[in-house]
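Read through the structure below, which is laid out as structure tokens, and then see the notes.
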Amino acid sequence: QVQVAESGGGSVHPGESLQLSCTASGDIFPPYALGWHRQAPGKQREMVAQMTTISDPDYAESVKGRFTISMDKSKHTVYLQMNRLKPEDTAVYYCRYSVSQLTGLWETWGQGTQVSVSS
């Protein structure tokens, strides 16, 4: 099985930056995808940024130009550099690991890390 764990959340003021990290562990076999999703209270979870071991990143329109996702394949770790943070970025950020298997899509989620942006 595969598990993922996030870290790096915190409370910041608008315009400041944070970097989130997520490391996958267990029976990991490329290709796979690692990405970031977020959920604010009362709202549905939304994709923020994701990438696979063999493809370019994909970003939500609301974060393009501000957030950057990157992956260290040797460490099975994905990062999310968040710059020029806005109050609307406030949410719990979850790391997602997924693979496409013959029997279908398999995925697992981290526990989440809180990001709060306020003045």
field: Residue in region 61-97 that is farthest from the chain's Cα centre (by Cα), counting only those that are closer than 19 Å to residue 113 by Cα and of a type in the set (Gly, Ala, Ser)
entry: 91
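Would you mind stating whether residue 108 is among the polar types (S, T, N, Q) and open to solvent by less than 50 Å² (accessible area, probe 1.4 Å)?
Criteria met by residue 108.
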message: Cβ-Cβ under 8 Å, sequence separation 6+ or interchain: first residue in region 90-119 and closer than 26 Å to residue 28 by Cβ and free of Cβ contacts under 8 Å to residues at least 24 places away in the same chain, partner part of a strand (DSSP E or B) and open to solvent by less than 30 Å² (accessible area, probe 1.4 Å). Which pairs?
response: 105/98; 105/99; 106/98; 106/99; 107/97; 107/98; 107/99
message: From the list 17, 62, 11, exactly one residue is open to solvent by 50 Å² or more (accessible area, probe 1.4 Å), under 20 Å from residue 91 (Cβ atoms), in contact with a Lys or Arg (Cβ under 8 Å, 6 or more places away or on another chain) and at pLDDT 95 or above. Which is it?
response: 17
message: Only one of 26, 15 is of a type in the set (Gly, Ala, Ser) and over 16 Å from residue 98 (Cβ atoms). Can you tell me which?
response: 15
statement: Of the residues in region 76-105 that are at pLDDT 95 or above and of a type in the set (A, V, I, L, M, F, W, C), the one that is nearest to residue 15 (Cα to Cα) is 85
- request: Would you check if there is a residue in region 44-55 being in contact with a Pro (Cβ under 6 Å, 6 or more places away or on another chain) and among the hydroxyl-bearing types (Ser, Thr, Tyr)?
  value: yes
- request: Please work out which residue is nearest to residue 32 (Cα to Cα), limiting yourself to region 81-97 and to residues that are touching a Phe, Trp or Tyr at 6+ places or on another chain (Cβ under 7 Å), crowded, with 17+ Cβ neighbours inside 10 Å and not hydrophobic (A, V, I, L, M, F, W, C).
  value: 97
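The values are calculated or read from the model by the stated rules, or taken from the named source; none is laboratory data. Bear in mind the structure is a predicted one, so any value in this text is a computation, not a measurement. Note that we place each Cβ from the backbone using ideal geometry, even for glycine, and neighbour counts take in every protein chain shown. Each accessible area value is taken on the protein alone, full model and side chains, heavy atoms only, with ligands, DNA and RNA left out. Shrake-Rupley method; radii C 1.70, N 1.55, O 1.52, S 1.80 Å.
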